[in-house]
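The values are calculated or read from the model by the stated rules, or taken from the named source; none is laboratory data. Worth saying up front: this structure is predicted, and the values here are computed from it rather than measured. Reconstructed Cβ throughout: ideal geometry from the backbone, glycine too, with neighbour counts over all protein chains shown. Calculation scope for accessible area: heavy atoms of the full protein, side chains included, ligands and nucleic acids excluded. Shrake-Rupley method; radii C 1.70, N 1.55, O 1.52, S 1.80 Å.
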Amino acid sequence: MDKKVHELLNNQINKEFYSAYLYLEFSNYFKAKGLDGFANWYMIQAQEERDHALLFYQYLQNNNMPVTLGAIDSPDREFADNMAVLQAGLAHEEYVTSLIHDIYAAAYEVKDFRAMQFLDWFVKEQGEEETNANDLITKLELFGSDPKSLYMLNQELGTRVYTAPSLVL
Ligand code: MG
């Protein structure tokens with residue numbers, strides 16, 4: 001495997017675990033506010049990010065490449081309000097999309113077709129992540145200022161259930 005592709009894939013393990021950490025912090029924030037549905041939504045988001053990390057980990061192992069695990073940064077803890085949390089989530093997903101695209105570009109450059117095929121799933125997944133983050137912002141804009149509506153939105157987010165990723169290595 002190309003050195004740069006390997007390095008970027010390995011770094012992505014850390015980035016995905018950081019994402020899990022960030023969403024655990026979001027879940028923690030909403031739990032403390034009594035918004036259990038939002039806390040549930042971000043807890044499941046954190047589980048998905050852990051799954052993403054493990055997919056990169058497994059992909060390297062399956063290709064006989066070494067895995068190096070680095071320290072995971074602590075996430076930001078200060079949020080002005082509920083909306084600031086959701087906006088931080090969208091900004092983070094846009095950043096992760098750029099990282100996935102960077103790995104894809106590196107793989108494309110050296111004609112690493114196997115890595116490109118692996119990354120195809122993540123390219124699509126990032127589109128969904130950004131859509132979800134945007135939709136949540138729209139809902140909070142519409143319903144966040146009215147306690148009854150916020151209660152119902154919280155109920156809706158509480159119904160989200162974890163499903164394992166559709167990508168199997
Ligand atoms: Mg991810």
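The table below gives the values:
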{"quantity": "Test: residue 24 is open to solvent by 10 Å² or more (accessible area, probe 1.4 Å) and either within 16 Å of the ligand (Cβ to nearest atom) or assigned to a helix (DSSP H, G or I) (or both)", "calculated": "yes"}
{"quantity": "Long-range neighbours under 6 Å by Cβ, at least six apart or interchain, first residue part of a helix (DSSP H, G or I) within the range 102-123, second open to solvent by 30 Å² or more (accessible area, probe 1.4 Å)", "calculated": "103/8; 106/4; 106/8; 119/104; 121/167"}
{"quantity": "Residue 29 vs. criteria more than 21 Å from residue 164 (Cβ to Cβ), without any contact (Cβ under 8 Å) to a residue 60 or more places away in the chain and assigned to a helix (DSSP H, G or I)", "calculated": "yes"}
{"quantity": "Search result, residues across the range 75-101 that are assigned to a helix (DSSP H, G or I), away from the ligand (no atom under 16 Å from the Cβ) and without any contact (Cβ under 8 Å) to a residue 12 or more places away in the chain", "calculated": "84"}
{"quantity": "Test: residue in the range 51-60 that is in a helix (DSSP H, G or I), surrounded by 14 or more Cβ atoms within 10 Å (Cβ to Cβ), away from the ligand (no atom under 12 Å from the Cβ) and among the hydrophobic types (A, V, I, L, M, F, W, C)", "calculated": "yes"}
{"quantity": "Looking only at the range 1-21, and only at residues there that are open to solvent by 10 Å² or more (accessible area, probe 1.4 Å) and away from the ligand (no atom under 14 Å from the Cβ), the one that is nearest to residue 57 (Cα to Cα)", "calculated": "10"}
{"quantity": "Test for residue 84: is it modelled with pLDDT of 95 or more, farther than 22 Å from residue 26 by Cα, surrounded by 12 or more Cβ atoms within 10 Å (Cβ to Cβ) and of a type in the set (Gly, Ala, Ser)", "calculated": "no"}
{"quantity": "Single condition residue 162 does not satisfy, out of (1) open to solvent by 70 Å² or more (accessible area, probe 1.4 Å); (2) away from the ligand (no atom under 16 Å from the Cβ); (3) closer than 24 Å to residue 35 by Cα; (4) not in a helix (DSSP H, G or I)", "calculated": "(2)"}
{"quantity": "Top-ranked residue of the range 28-47 - restricted to ones that are open to solvent by less than 10 Å² (accessible area, probe 1.4 Å) and small (Gly, Ala, Ser), ranked as farthest from residue 68 (Cα to Cα)", "calculated": "37"}
{"quantity": "Those residues of the range 119-154 which are of a type in the set (Phe, Trp, Tyr) and open to solvent by 40 Å² or more (accessible area, probe 1.4 Å), in sequence order", "calculated": "121, 143, 151"}
